[in-house]
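One structure is given here, and the rest of the page talks about it.
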Amino acid sequence: MITRLFSAALRGVDAREVEVEVNARGADKPIVIIVGLPDAAVRESSQRVISAIVASALNLNDGVKTVNLAPADLKKEGPSFDLPIALAMIAASGTKPFDAEDCCVVGELGLDGAVRPVKGVLAIALEAKRSGRTRVLVPEANAPEAAVIDGIQVFPIRNLKQAWDFLDGELVIPPYDLDRRAFFTSQRTYEVDFDEVRGQHHVKRALEVAAAGGHNLLMVGPPGTGKSMLAKRIPTIMPDMSEEDAIETTKIHSITGLLDSKVSFLTTRPFRAPHHTISDAGLLGGGSNPGPGEVSLAHHGVLFLDELPEFRRQTLEVMRQPLEDGHVTISRAAGSLTFPARFMLVAAMNPCPCGYYGDLKRECRCSTRQIETYRQRISGPLLDRVDLHVEVPLVDFRELSANVHSGEKSESIRQRVITARGIQSERFRKSSHSTNSTMGSRQVRQHCQLDAEGSGYLERAMEEMNFSARAHDRILKVARTLADLGGSSDIRPNDVLEAIQYRSLDRKLFS
């Protein structure tokens, strides 16, 4: 007797439907043969499945059970096929017809029949909906994650016996009920705020400009000036993610196993801060079975690289392509995978190895050669892809001793950012761009026209500071964002001067 169920396999950040077929034939003892390009975890599922069926007091006849996971050319990985394999084997051991054509089933089994959570449930639910399935059986802990997808019913499963009785029609399980609008609203909270940052008003201005236009930013200053504190608060001034963006971002985190029962869905923009010892694969993505890296985990959010020169130069260079294209393509002999990586890069560094070069109160202990070697760890092409460079000085005592909440709140700054983003959304409504930072050369020529005074300022800066052609376009993009923040349809001369000022620091430090 042949029975079948539907499940799904993860590939990159997406899922592909898998048909689980079981053929039962007579023999003296139970034997399970799994075919269809399974990995070690899937092959081992036969032992978990048999133990779970016996522990659940469900029917499993002796004989050979051949389990086929189709399509056979798609590699199947992980323990998520345990539950559909067990249910199909039980059905193949019975005598009455079994119909679950409208179901997609995933879950890992314990030896006692308990159903454990698995990775990538959000992507699996999306694939189930695309394939026309109307019901999804998932581990109870994964139900809130899957229920975010509209148009399918999600049934939380605690154990194998419960799943079988439900599919056999002997048990009624109510679908998981999620008020999606209330859920999104209640989750959009941050534990930090910009009013906690004392002083550094010009840095806050630069961060506002970066958030408004989606620009990359570099902060340079001695230790203890608040660079990390400022960076962690950038997501609080960025516009809320749309439902579509939140689903796309959560899907990446789900596949890497970063979600849990407390955080089952991301409604706030991610903030990723990898350590400087991270590998190329850890930052960009990769591995024998390629998975997303930190640049993809920061999708629609902020990637913060503290102590930028401490990262290996080769590791930093791999970011150049995703910074330009907004995605990462990883090629292997078996094929290539593309991961989204549209993030805002925020980096921080000291001006020298000891951190006190140029400080008026503390003496720098570094030699000229040490300083030069330290700064040359960051390449010019990478710096050209960072739109704003800002100096972060030490805060004086009077500002430090002021009222903790004396600064402007994140909500006020965010409203200005949202207004500027709204102008950009209208500007690019007929194109694929969403912010000024993503404009191509054609859009720059169209939307970044300068008057004679502004053009003169830019020409002089190009000649005296030896900016590259890429830096020229990025100055224009930042100037366009400054004009949007000021509510001006034209780029004003002061906008050009401020944009140039945000590019001058790299020449002072690295030339």
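The values are calculated or read from the model by the stated rules, or taken from the named source; none is laboratory data. Just so it is clear, the model here is predicted, and its values are computed rather than measured. Don't worry about glycine lacking a Cβ; one is built from the backbone with ideal geometry, like all the others, and counts go over all protein chains shown. To get the accessible areas, we keep the full protein, side chains included, count just its heavy atoms, and leave off ligands, DNA and RNA. Shrake-Rupley method; radii C 1.70, N 1.55, O 1.52, S 1.80 Å.
Observations
- Residues that are more than 37 Å from the chain's Cα centre (by Cα) and of a type outside the set (Gly, Ala, Ser), drawn from the stretch 23-49: 23, 25, 28, 29, 30, 31, 32, 33
- Total residues in the stretch 213-234, condition surrounded by fewer than 21 Cβ atoms within 10 Å (Cβ to Cβ) and either β-branched (Val, Ile, Thr) or not in a loop (DSSP other than H, G, I, E, B) (or both): 3
- Residues of the stretch 240-263 classified as over 17 Å from residue 296 (Cβ atoms) and either among the aliphatic types (A, V, I, L, M) or open to solvent by less than 20 Å² (accessible area, probe 1.4 Å) (or both), total: 1
- Count - residues of the stretch 128-140 that are buried (at least 21 other Cβ atoms within 10 Å of the Cβ) and out of contact with any Cys (no Cβ under 7 Å at 6 or more places or on another chain): 2
- Among the residues of the stretch 285-296, those identified as closer than 12 Å to residue 343 by Cβ and either crowded, with 24+ Cβ neighbours inside 10 Å or over 12 Å from the mean Cα position of the chain (by Cα) (or both) are 292, 293, 295, 296.
- Odd one out for residue 169 among (1) closer than 22 Å to residue 127 by Cβ; (2) in a loop (DSSP other than H, G, I, E, B): (1)
- Of all residue pairs spaced 6 or more apart or on separate chains, those with beta-carbon atoms under 7 Å, a first member in the stretch 177-189 that is within 21 Å of residue 232 (Cα to Cα) and charged (D, E, K, R) and a second member that is open to solvent by less than 60 Å² (accessible area, probe 1.4 Å) and modelled with pLDDT of 70 or more are 188/267; 188/268.
- Screening residue 143 with (1) open to solvent by less than 30 Å² (accessible area, probe 1.4 Å); (2) part of a helix (DSSP H, G or I); (3) in contact with a helix residue (DSSP H, G or I) (Cβ under 7 Å, 6 or more places away or on another chain) gives one miss only, at (3).
- In the stretch 432-442, the residues that are assigned to a helix (DSSP H, G or I), open to solvent by 40 Å² or more (accessible area, probe 1.4 Å) and in contact (Cβ under 8 Å) with a residue 12 or more places away in the chain: 441
- Of all residues in the stretch 379-408 being modelled with pLDDT of 90 or more and not in a loop (DSSP other than H, G, I, E, B), the one that is farthest from residue 499 (Cα to Cα): 391
- Criterion (crowded, with 23+ Cβ neighbours inside 10 Å, hydrophobic (A, V, I, L, M, F, W, C) and within 30 Å of residue 341 (Cβ to Cβ)) met by exactly one of 86, 8: 8
- Per the conditions (1) over 23 Å from the mean Cα position of the chain (by Cα); (2) open to solvent by 10 Å² or more (accessible area, probe 1.4 Å); (3) within 21 Å of residue 383 (Cβ to Cβ), the sole criterion not satisfied by residue 206 is (2).
- Out of 118, 136, sole residue that is out of contact with any Leu (no Cβ under 6 Å at 6 or more places or on another chain), among the hydrophobic types (A, V, I, L, M, F, W, C) and part of a loop (DSSP other than H, G, I, E, B): 118
- Pairs where the first residue, in the stretch 354-369, is closer than 14 Å to residue 220 by Cβ and the second is among the β-branched types (Val, Ile, Thr) and open to solvent by less than 100 Å² (accessible area, probe 1.4 Å), C-beta under 7 Å, 6+ apart: 357/371
- In this entry, residue 492 is excluded by the filter for residues that are surrounded by 13 or more Cβ atoms within 10 Å (Cβ to Cβ), closer than 25 Å to residue 346 by Cβ, among the charged types (D, E, K, R) and more than 26 Å from the chain's Cα centre (by Cα).
- Selection count, the stretch 20-39, where residues are closer than 25 Å to residue 158 by Cα and either open to solvent by 40 Å² or more (accessible area, probe 1.4 Å) or assigned to a loop (DSSP other than H, G, I, E, B) (or both): 1
- Among (1) open to solvent by less than 40 Å² (accessible area, probe 1.4 Å); (2) in a helix (DSSP H, G or I) - the single one residue 67 does not satisfy: (2)
- Matching option when the condition is in contact with a strand residue (DSSP E or B) (Cβ under 8 Å, 6 or more places away or on another chain), in a helix (DSSP H, G or I) and either open to solvent by 20 Å² or more (accessible area, probe 1.4 Å) or not β-branched (Val, Ile, Thr) (or both), among 314, 321: 321
- The condition (being modelled with pLDDT under 90, under 27 Å from residue 368 (Cα atoms) and open to solvent by 50 Å² or more (accessible area, probe 1.4 Å)) is satisfied by just one residue among 470, 503, 507: 507.
- Every pair of residues 6+ apart whose Cβ atoms lie under 9 Å, when the first sits in the stretch 25-51 and is on the phi < 0 side of the Ramachandran plot while the second is among the aromatic types (Phe, Trp, Tyr): 34/81; 38/81; 41/81; 42/81; 45/81
- Check on residue 338, within 15 Å of the chain's Cα centre (by Cα), of a type in the set (S, T, N, Q) and open to solvent by 20 Å² or more (accessible area, probe 1.4 Å): yes
- For the stretch 149-161, a residue qualifies if it is in contact (Cβ under 8 Å) with a residue 24 or more places away in the chain, open to solvent by less than 60 Å² (accessible area, probe 1.4 Å) and in contact with a Leu (Cβ under 7 Å, 6 or more places away or on another chain), and the qualifying residues are 149, 157, 160.
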